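To start, I am sharing the structure in question, which I have written as structure tokens.
The values are calculated or read from the model by the stated rules, or taken from the named source; none is laboratory data. Everything numeric here is computed off the predicted structure, so don't read it as measured data. Glycine gets a Cβ as well: all are built from the backbone with ideal geometry, and neighbour counts include every protein chain shown. Quick note on the areas: whole protein, heavy atoms, side chains included, nothing else; ligands and nucleic acids left out. Shrake-Rupley method; radii C 1.70, N 1.55, O 1.52, S 1.80 Å.
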Amino acid sequence: MMKMRHTALLAGLVLMTAACGGGTTRSDVQQQQSSAPAATAASSAAANPNAPLKQGLKIAFLPKQVNNPYFTIADNGGIEAAKEFGGEGKEVGPSDANASSQVSYINTLIQQKQDAIVISANDPNAVVPALKQARAAGIKVVSYDSDTAPDGRDIFVNQASAEDLGRTEVQLLAEQIGHKGKIAILSATPNATNQNTWIEFMKDELKKPEYKDMELVKVAYGNDDDQKSFTETQGLLRSYPDLAGIISPTTVGIAAAARYLSDSPYKGKVKLTGLGTPNQLRKFVKDGTIDAFELWNPADLGYLSAYAAAALASGQITGAEGEKFKAGKLGEYTVGAKGEVLLGKPTVFNKDNIDDFDF
Ligand code: RAM
């Protein structure tokens, strides 16, 4: 596995953002993307940090949608982890990221008596009644990538600090457009917990004086559907031909937007950044459509989530703050406030380092 390297730019940005306190938006969004597990959930049993991981654990990954390369990488990382600890991992899920499309899958996983469900929620609330039934049946629930409401899960494995992601995406775009001009966001679905949280931090970042000449004119939704994301990008440029830049905090959205821009007169003129996989965006970095974008390692996210699920299902942890567990090759992690486990910092990719990554 390649080693993740941070560019000096990101290190600087992270330092800057670490120093920034939150406004009202910050506490609002923290309630959404990383809220406390219900008291009943975390404290129903005492943790035994020395309990061995149970053998034969059945762990199901339920991504937002199955036909998204990002989730294929993440869930394969989780399935690999399950093999390592003598469990059985599998991925099931809908082909679209609609708010309620995951509910029937949760019901089936309950019937199958899975030991744990690892879910990236398409909607923070729509999945909660079904997940509550799963938990009542003794199934541990880990949200990863996109959180559920508090009582839907035991632990949330967050890919990176939501605040850092939101703020650094604005900072990246601002540098590329000289802190000036109209900008738009091309998001995933309107209900996605993760994108909505990041967007709140983007809006908060944009309130700072250094962005006074930048104007967010529209948040468009491509629904993590390639064609819809492509059409939405086309629509943005039609409505705002003088657009300076687009932030697309979704791997599906940024890939579709890059494809549209690279084949248009806007290539290199309308700047595009956001979250994408290096393998999907390499050619657009090389042809000058994209200067820089960010992501964490999706395989590590799935891998860590599988270990968190196994630690819960084995009674090593309950989801309470301060509990520790081992995640194989990634080392030891500690459960933070509100049942959140943080994977780490994202990497910024550009033409200088993109060839060092293969995912
Ligand atoms: C898409 C999904 C996912 C998000 C990534 C960045 O694949 O929306 O939830 O984390 O993009």
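Roughly what would the spin-label model give for GLU215 and HIS179, points 7 Å off Cα along C-beta, in nm?
Label at GLU215, label at HIS179, 1.9 nm between them.
Between THR72 and ALA46, what is 0.36 nm times their sequence separation minus the Cα-Cα distance? Round to one decimal in nm. Intermediate values should be presented prior to the final figure.
Values: separation 26, 0.36 × 26 = 9.36 nm, distance 3.43 nm.
Gain on extension, THR72 to ALA46, equals 5.9 nm.
Further, regarding this structure: Pairs to check: LYS203/LYS329; LYS203/LYS326; LYS271/LYS345; LYS90/LYS203. Give those whose C-alpha atoms are more than 28 Å from each other in this structure. Write down the numbers at each step before the final one.
Values: LYS203/LYS329 37 Å; LYS203/LYS326 36 Å; LYS271/LYS345 24 Å; LYS90/LYS203 37 Å.
As for pairs spanning more than 28 Å Cα to Cα, those are LYS203/LYS329; LYS203/LYS326; LYS90/LYS203.
Here's another thing I want to ask about it. Between beta-carbons, use under 13 Å as the cut-off and find the net charge around ALA256, counting Lys and Arg +1, Asp and Glu -1.
That sum, taken over residues with Cβ under 13 Å, equals -3.
If you don't mind, there's one more thing I want to ask. With the dipole of segment 212-292 worked out from charges on the C-beta (+1 for Lys and Arg, -1 for Asp and Glu) around the Cα centre, which of GLY245, TYR266, VAL217 lies farthest toward the positive end?
The Cα lying farthest towards the positive end belongs to TYR266.
Specify the residue with the greatest mean-square fluctuation among LYS345, LYS208, LYS64, computed from a Gaussian network of the chain linking alpha-carbon atoms under 10 Å apart.
LYS208
Something else: Per residue of segment 309-317, what does 6.51 cos²θ - 1.76 cosθ + 1.60 with θ = phi - 60° give for ³J(HN,Hα)? Whole Hz please, x for Gly and Pro, Karplus curve as stated.
Taking θ as phi minus 60°, the curve returns 4, 5, 5, 5, 5, 9, x, 5, 9 Hz for segment 309-317.
Only four residue types carry charge here, +1 at the Cβ of Lys and Arg and -1 at the Cβ of Asp and Glu. Report the dipole size of the chain about the Cα centre in Debye, rounded to the nearest 20.
Details: 36 positive and 41 negative charges, 15 e Å.
With Lys and Arg at +1 and Asp and Glu at -1, about 80 debye.
For segment 48-204, which whole-number percentage of the solvent-accessible area (1.4 Å probe, protein heavy atoms only) is attributable to carbon and sulfur atoms?
Numbers: 2500 of 5090 Å².
Solvent-exposed carbon and sulfur of segment 48-204 make up 49 percent of the total.
Hey, how many Å between the Cα centroid of segment 119-146 and the Cα centroid of segment 262-331?
21
Next question, about the same structure. Just going by the charge dipole of segment 162-295, with Lys and Arg at +1 and Asp and Glu at -1 on Cβ, which of THR168, GLY276, ALA257 is farthest out on the positive end?
Checked the options; the winner is ALA257.
OK, next. If you stretched the chain out fully between GLN133 and ASP263, how much longer would it get, using 0.36 nm times the residue separation minus the C-alpha to C-alpha distance?
Working: separation 130, 0.36 × 130 = 46.80 nm, distance 4.84 nm.
Extra length from GLN133 to ASP263 when fully extended: 42.0 nm.
What shape does segment 162-295 take by its C-alpha gyration tensor, where a ≥ b ≥ c are the square roots of the eigenvalues and a/c under 1.5 counts as rounded, a/b above b/c as prolate, and the rest as oblate? Numbers along the way, then the final one.
Working: a/c = 1.34, a/b = 1.15, b/c = 1.17.
In terms of gyration-tensor shape, rounded.
What's the FRET efficiency of GLU332 with ASP356 using the Cβ-Cβ distance as r and R₀ = 30 Å, to the nearest 0.05? Please list the in-between numbers first.
Numbers: r = 26 Å, r/R0 = 0.88.
So, using R0 = 30 Å, E works out to roughly 0.70.
Sticking with this one: In Å and from the alpha-carbon atoms only, list the Rg and Dmax of the chain.
Considering the chain through its Cα atoms, Rg and Dmax are 19.8, 61 Å.
For segment 203-359, what is the charge dipole size about the Cα centre, in debye to the nearest 20, if Lys and Arg each add +1 at the Cβ and Asp and Glu each add -1 at the Cβ?
Values: 20 positive and 23 negative charges, 41 e Å.
Here the size comes out at about 200 debye.
List residues of segment 61-86, by number, whose backbone nitrogen lies under 19 Å from a label position 7 Å along Cα→C-beta of GLN112.
Only 61-68, 71-86 pass the distance filter.
At 222 nm, what value in deg cm²/dmol follows for the chain if DSSP H runs of at least 4 each add -39500 (n - 2.57) and the sum is divided by all its residues, to the nearest 500? It would help to have the intermediate numbers written out before the result.
Numbers: 12 runs with 140 residues, N = 359.
About -12000 deg cm²/dmol.
At 1.4 Å probe size, put PHE359, PHE349 in order of accessible surface, largest to smallest. Mind showing how you got there, number by number?
Numbers: PHE359 20, PHE349 0 Å².
If we order PHE359, PHE349 from most to least accessible, we get PHE359, PHE349.
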